[in-house]
Amino acid sequence: FKKLWSVNSEITIDALVAKLHPEDRELREKAHRDALENGVVCYEARIIQKDNSVRWIKVFGKIVKDEKGNPSTIFGVVQDIHDQKEFEVELKRKIEESTLELRR
């Protein structure tokens, strides 16, 4: 977790959100709003590393409610999917190249 998020100590939610790519912050907000309704948070986003490189992550978690039914915490995982995303981009590029070749 600390390596993926480029942190070396305890960190607040606000500090983690600040590490999200600016274009992905609204996506996170929507996923968390939806999670209040369905109990599950799931989204893919980019995070900005200390060296300003960008990595893709997938967040999956479940909302835990207190005895009154109010959301109290989220348990989940953050998965590094950067290699998968790079593979998808390369695969898409190759498909486009092949399609162009077939049309010639």
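Compute the distance from the alpha-carbon center of region 53-67 to that of region 13-33, in whole Å.
11 Å
Sum up the charges of everything whose Cβ sits under 12 Å from the Cβ of residue 77, counting Lys and Arg as +1 and Asp and Glu as -1, but leave residue 77 out.
Values: positive: 58, 62; negative: 80.
Result for the neighbourhood of residue 77: +1.
For the pair residue 14 and residue 95, what calculated FRET efficiency results from E = 1/(1 + (r/R0)^6), where r is the Cβ-Cβ distance and R0 = 35 Å, to the nearest 0.05?
On the way: r = 40 Å, r/R0 = 1.15.
About 0.30, to the nearest 0.05.
Can you sort 104, 46 from fewest to most other Cβ atoms within 10 Å of each residue's own Cβ? Don't skip to the end; give the middle numbers.
Values: 104 4, 46 17.
Starting with the residue having the fewest Cβ neighbours, the order is 104, 46.
Helix-derived [θ] at 222 nm for the chain: sum -39500 (n - 2.57) over DSSP H runs of at least 4, divide by residue count, nearest 500?
Helices in the chain give a 222 nm mean residue ellipticity of -14000 deg cm²/dmol.
Quick check for me: using +1 on Lys/Arg Cβ and -1 on Asp/Glu Cβ, what's the dipole size of the chain about its Cα centre, in debye to the nearest 20? Please list the in-between numbers first.
Numbers: 20 positive and 20 negative charges, 17 e Å.
Dipole size: approximately 80 debye.
Read-outs: derived from the displayed coordinates by stated rules, not from any lab. Please read all numbers here as calculations on a predicted model, not as lab measurements. Because the Cβ atoms are built from the backbone with ideal geometry, glycine has one as well, and the counts that use them run over all protein chains shown.
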